[in-house]
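Student: This structure is in structure tokens; I'll ask about it shortly.
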Amino acid sequence: MHISRVQWFLALLAPLMLLATMYVLHQRKLRTKFPLFFNYLAFYFVGLGLTFVAGSFLSGRQYFYAYWIVYTITTLLAFAVLYEVFVNILKPYSALIDLGKMLFGWATAFLLLASVLTAFATTGNQGDKICAAVLLLERSVQLMQCGLLLLFVMFEKRLGLSWRSNGMSIVTGLGLLSAVELVTVFMRNRFPATNGVMDTVFMGYFCLNLGFWMVMFLLPEPQRKTAQDSPARIIFQRWNEALVSYGYRDLALASSGMDSFLPGVEKTVERVLARKMVN
């Protein structure tokens with residue numbers, strides 16, 4: 001009973017925290033800087049209302065489809081936020097951004113194809129196939145969020161980033177939120193008796209994460225260090241210069257054929273290593 005009351009409190013607190021976070025984004029004029037992230041939070045808020053209404057007034061079958069439609073759109077928006085933050089953090093490196101756009105395009109195609117194949121390969125009724133496809137898509141996006149966080153943790157100094165920057169705050173929040181959700185899902189599957197506790201833990205951390213975003217967005221963003229401020233050129237600048245010298249648009253066009261794409265990547269790696277040897 002105690003857990004149930006806490007869950008009700010968190011269920012009421014989460015929408016209020018979402019509204020407060022969106023208000024802070026709007027007041028700090030960050031909505032135009034991160035429109036996909038703002039839309040992600042807005043749809044998350046709308047999705048909570050839709051699922052509540054659907055659970056109260058729709059039949060079980062109608063609620064099932066409404067829930068999984070909202071779930072799928074939320075997952076796709078989370079993937080779009082990854083792309084938005086990636087572009088924002090690597091903004092000084094135009095060639096790396098173009099290469100990243102190409103890689104995100106390939107990742108999108110792969111995730112959609114893997115989800116469709118999973119649905120076809122899953123035995124059971126149509127509902128089971130939908131659940132398997134959407135869960136695979138969500139888990140893949142969550143792992144990518146954790147991976148992006150680890151990437152920027154390792155290269156934070158090399159990129160001249162600050163943990164108080166808006167982009168890094170979003171990455172940190174999404175990465176940790178995904179990690180917590182993956183752990184709670186594992187615990188629920190491994191120890192079914194902990195379902196109520198794990199739901200409470202996730203909901204509590206979700207509200208805490210929203211509070212973290214609000215505080216970070218309210219703080220003044222520190223000025224970003226440029227590569228020129230560093231005594232030695234960072235690896236990302238060498239990659240950027242190597243891509244520019246090779247012609248990253250030619251590399252993107254070559255991606256239409258794998259045989260021509262791989263040699264282009266090899267040449268770029270050789271140029272980066274050569275520049276590193278010179279430095």
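The values are calculated or read from the model by the stated rules, or taken from the named source; none is laboratory data. As the structure is a prediction and not an experimental result, all values here were calculated from the model. Counting neighbours? That spans all protein chains shown, and the Cβs are built from the backbone with ideal geometry, glycine included.
Student: Test Arg31 against the criterion of being under 30 Å from Asn125 (Cα atoms) and either in a helix (DSSP H, G or I) or of a type outside the set (Val, Ile, Thr) (or both), and give yes or no. Working first, answer last.
Tutor: Working: under 30 Å from Asn125 (Cα atoms): no; either in a helix (DSSP H, G or I) or of a type outside the set (Val, Ile, Thr) (or both): yes.
No, not satisfied.
Student: Take Gly175 and decide whether it is in the same structural domain as Val6 (by TED's automatic domain parsing), within 20 Å of Ala80 (Cβ to Cβ), buried (at least 19 other Cβ atoms within 10 Å of the Cβ) and not aliphatic (A, V, I, L, M).
Tutor: Values: in the same structural domain as Val6 (by TED's automatic domain parsing): yes; within 20 Å of Ala80 (Cβ to Cβ): yes; buried (at least 19 other Cβ atoms within 10 Å of the Cβ): yes; not aliphatic (A, V, I, L, M): yes.
Considered against the rule, which asks whether it is in the same structural domain as Val6 (by TED's automatic domain parsing), within 20 Å of Ala80 (Cβ to Cβ), buried (at least 19 other Cβ atoms within 10 Å of the Cβ) and not aliphatic (A, V, I, L, M), Gly175 comes out as yes.
Student: Of everything in the range 55-77 that's more than 27 Å from the chain's Cα centre (by Cα) and hydrophobic (A, V, I, L, M, F, W, C), which residue is modelled with the highest pLDDT? Lay out the reasoning, then the answer.
Tutor: Filtering the range 55-77 down to residues more than 27 Å from the chain's Cα centre (by Cα) leaves 55-62.
Remaining after also requiring hydrophobic (A, V, I, L, M, F, W, C): 57-58.
Values: Phe57: 76, Leu58: 72.
Out of the qualifying residues, it is Phe57.
Student: In the range 69-84, is there at least one residue being farther than 26 Å from Val197 by Cα, of a type in the set (S, T, N, Q) and assigned to a helix (DSSP H, G or I)? Step through it out loud before you land on a result.
Tutor: Here is the first cut: in the range 69-84, the residues farther than 26 Å from Val197 by Cα are 69, 73, 76-77, 79-84.
Checking the rest, the ones that are also of a type in the set (S, T, N, Q) come to none.
No: the range 69-84 contains no residue that is farther than 26 Å from Val197 by Cα, of a type in the set (S, T, N, Q) and assigned to a helix (DSSP H, G or I).
Student: Further question: List the number of the failed condition for Ala95; all other conditions in (1) touching a Lys or Arg at 6+ places or on another chain (Cβ under 7 Å); (2) modelled with pLDDT under 75; (3) not acidic (Asp, Glu) hold.
Tutor: (1)
Student: Tell me the residue from Val53, Val116, Val134, Val87 that is assigned by TED's automatic domain parsing to the domain that holds Ala11, surrounded by 18 or more Cβ atoms within 10 Å (Cβ to Cβ) and part of a helix (DSSP H, G or I), please.
Tutor: Numbers: Val53 fails: surrounded by 18 or more Cβ atoms within 10 Å (Cβ to Cβ); Val116 fails: surrounded by 18 or more Cβ atoms within 10 Å (Cβ to Cβ); Val87 fails: surrounded by 18 or more Cβ atoms within 10 Å (Cβ to Cβ).
From the options Val53, Val116, Val134, Val87, the qualifying one is Val134.
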